[in-house]
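A quick write-up on the structure given underneath.
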Amino acid sequence: MPFESYKNSRILVTGGAGFIGSHLCERLLDAGAEVVSADNYFTGSRRNIAHLIANPLFEAVRHDVTFPLYIEVDAIFNLACPASPIHYQRDPVQTTKTSVHGAINMLGLAKRLKARIFQASTSEVYGDPLIHPQTEDYWGNVNPIGIRSCYDEGKRCAETLFFDYWRQHGLPIKVARIFNTYGPRMQPNDGRVVSSFIVQALKGEPITVFGDGGQTRSFCYVDDLVEAILRLMVTNEDVTGPINLGNNSEFTIRELAEKVIELTGSRSKLVFKPLPQDDPRQRQPDLAKAKAALNWEPKVALEDGLKETIAYFKHSLEIA
C-alpha cells in the first residue's frame, strides 16, 4: 500500500536522538504520527528528545542498528551514524559497520514489513569534488583508504545496498544526500565548523580556521532540511533519489567565522591551522532535482539560522 500520510502511521527513526533525528521526530509527532526513536546514544543525546518523552505517541528505544531490530512500523527513516569527523573517526570500524550493517538490518526490516524506507546519505559521497556544484549523477572523487573513508565509503556502500534492494526486491526507497546542516541541538564538541566557531566565539577563545579559510561550504538550517526529508518520503514510488538536500548559498569558511564573530559580539581572533587530510575544497549542492521533485527550496538565510543556533548554544552552555 502506498505511504501517503504521516497521520496515524507508526514511524521508526533510527538515530532519533541525534541532531537531525530529534528534529525529525518532533515534526513527525506534529504531523500526527506515532514515532519510535532507536538510538544507541553514541553521538545522540537524551536531552535532544527529553521534551518528547511525555508524549504518549513517542517511544525511545536504546538500540544499535548493527544488530537486527524486531518491530512493526509503517515506514523507516534511517539516520543512524556518527556524522562529524571527530565522532566518526573515533571508532572508524564501528562507523563503517553502522553504515553497512545498519543499512542491511534496516533494509531487511523494511523488506519484511513491505515498508517504505529513507536513507540519510551525505554529500561526503562526492569526496573532494572535481565538478562544482555537485549534481546527483556525479560519481565523486573519494579516497577509499583515507581517515574519512569509514564515513564516505560506508555511506556509498549503503546507497549501493538501497538501490540493490530496490532493483532486486522492489523495495520502495528514498535516498537523500544531505549537505552541511546546522541548528539547535548540535553538539558543542562535534568538530563541525558551525558549532566549533560558535562555541569558540561565545567563550572568547581563538577561532580555529583550517587551511586559508578559502574553502567553501553551503549551510542548510535544520528546519529546511527536515521539511525536505518529509516531502521526499511521501513522493511517488518512482522517486527514489538520490536527491541532494541542503542550501546552495555558498560561503567561504572565513566568511562564516567573521559572521559568527559579528553576531556573537565576540572579541575572538582567527587562528589558522593546516587543512586536515582529504578535506574538500568546495561543497555546494545542485538543487534542481529537489526543487522539481519536492517543490522545495531552503528558506532560512544563514544569518537568521546562525542567530537561532547561537541562542541555543548560549542557553546550553549557560553563557550570559
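Quick notes on this structure:
- So I49, is it over 29 Å from P280 (Cβ atoms), within 16 Å of the chain's Cα centre (by Cα) and among the hydrophobic types (A, V, I, L, M, F, W, C): no
- Y182 vs. criteria at pLDDT below 95, within 19 Å of the chain's Cα centre (by Cα) and of a type in the set (F, W, Y): no
- Within the option set R177, R116, being at pLDDT 95 or above, closer than 30 Å to E308 by Cα and not acidic (D, E) holds for one residue only, R177.
- Restricting G108, G102 to residues that are closer than 23 Å to E136 by Cβ and of a type outside the set (D, E) narrows the list to G102.
- Residue check, V100 more than 29 Å from D238 (Cα to Cα), among the β-branched types (V, I, T) and open to solvent by less than 50 Å² (accessible area, probe 1.4 Å): no
- Scanning the stretch 259-283 for residues that are surrounded by fewer than 14 Cβ atoms within 10 Å (Cβ to Cβ), in contact with an Asp or Glu (Cβ under 7 Å, 6 or more places away or on another chain) and on the phi > 0 side of the Ramachandran plot returns no hits.
- Matching residues in the stretch 59-109 - criterion: being more than 21 Å from the chain's Cα centre (by Cα) and either among the aromatic types (F, W, Y) or not in a loop (DSSP other than H, G, I, E, B) (or both): E59, F67, Y70, G108, L109
- Of the strands (runs of 3 or more DSSP E) entirely within the stretch 205-280, those holding at least 1 residues that are within 22 Å of R185 (Cα to Cα) occupy 207-210, 216-218, 243-245.
The values are calculated or read from the model by the stated rules, or taken from the named source; none is laboratory data. Not measured: the values here are computed from a predicted model. For neighbour counting, all protein chains shown are included, and Cβ atoms are generated from backbone atoms with ideal geometry for every residue, glycine included. Ligands, DNA and RNA are stripped out before the accessible areas are found, and what is left, the full protein with its side chains, is counted by its heavy atoms. Shrake-Rupley method; radii C 1.70, N 1.55, O 1.52, S 1.80 Å.
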